[in-house]
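Right, one structure below, let's go through it.
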Amino acid sequence: MNPVLVALDLDTASAASAMASRVHASVGGLKVGSHLFTAEGPDFVRGLVRQGHRVFLDLKFHDIPNTVSAAVRSASRLGVWMLNVHASGGAAMMAEARKAAQEEADGSGKRPLVIAVTVLTSLDAAALKSLGVERSLESQVETLAAMAQDAGLDGVVASPLEIATIRRRCGDKFLIVTPGIRTGAPAAGDDQVRTLSARDAVAAGASYLVIGRPILKAADPAKAAREIAEELAKP
């Protein structure tokens, strides 16, 4: 499967639908995050699913286990392919998320993949320390990834710089979804600080790449997505 998931970080359903149609043939799926979901809601997600798109619902649920369980049930009913929670919500919360997805799918036999966010790619070591986390950033990511795996989740979201560490700890079958993919020098105002190129991230062991700005801001988004996919397919 094409590992590129385009981030539909756009303001309206019409803009997002147009982008989805343009890049559909060149990507492996679409990511709908809080920006678009807050503007357009679950009906927009249902529409994408009905159109045959693989949707990663990136809402990063983080709450008490009962609330996250209910949220995962609602998300599962939308027919999304993958959804996520925050690993820092704890082992019990992650286990409830996995259980809710499975129970919601018992009738159909198909459940969404459930993955956990480790440390946001906008954070560096100094920012993590300011939050009271004394271990190294790499160690924090590894710890949270292991917790997610022990809770029965399918994988994690992590920056490309921690992929090798997660692979060593969690093995080859554990999914690693990687944002922070860049195709050139950082643009002004870019808030991603732990980044790599798409090819380097896949070489390191990423399962899927979430790519937004390099595609969305390209003069020809479909061409940009196609070129990334073609580069990744090279031996």
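The values are calculated or read from the model by the stated rules, or taken from the named source; none is laboratory data. This is a predicted model, so every value here is computed, not measured. Here the Cβ positions follow ideal geometry from the backbone for every residue, glycine too, while neighbour counts run over all protein chains shown.
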TODO: Would you check if residue 69 is in contact with an Asp or Glu (Cβ under 7 Å, 6 or more places away or on another chain) and crowded, with 17+ Cβ neighbours inside 10 Å?
DONE: yes
- [ ] Check whether at least one residue in the range 46-54 is under 20 Å from residue 213 (Cα atoms) and assigned to a strand (DSSP E or B), and report yes or no.
- [x] no
Task: Single condition residue 180 does not satisfy, out of (1) among the small types (Gly, Ala, Ser); (2) under 24 Å from residue 140 (Cβ atoms); (3) at pLDDT below 95; (4) over 14 Å from the mean Cα position of the chain (by Cα) - done: (4)
- [ ] Kindly provide the set of residues from the range 160-179 that are crowded, with 24+ Cβ neighbours inside 10 Å and either among the aromatic types (Phe, Trp, Tyr) or assigned to a strand (DSSP E or B) (or both), ordered by number.
- [x] 176, 177, 178
- [ ] Kindly establish whether residue 104 is modelled with pLDDT under 95, of a type outside the set (Phe, Trp, Tyr) and assigned to a helix (DSSP H, G or I).
- [x] yes
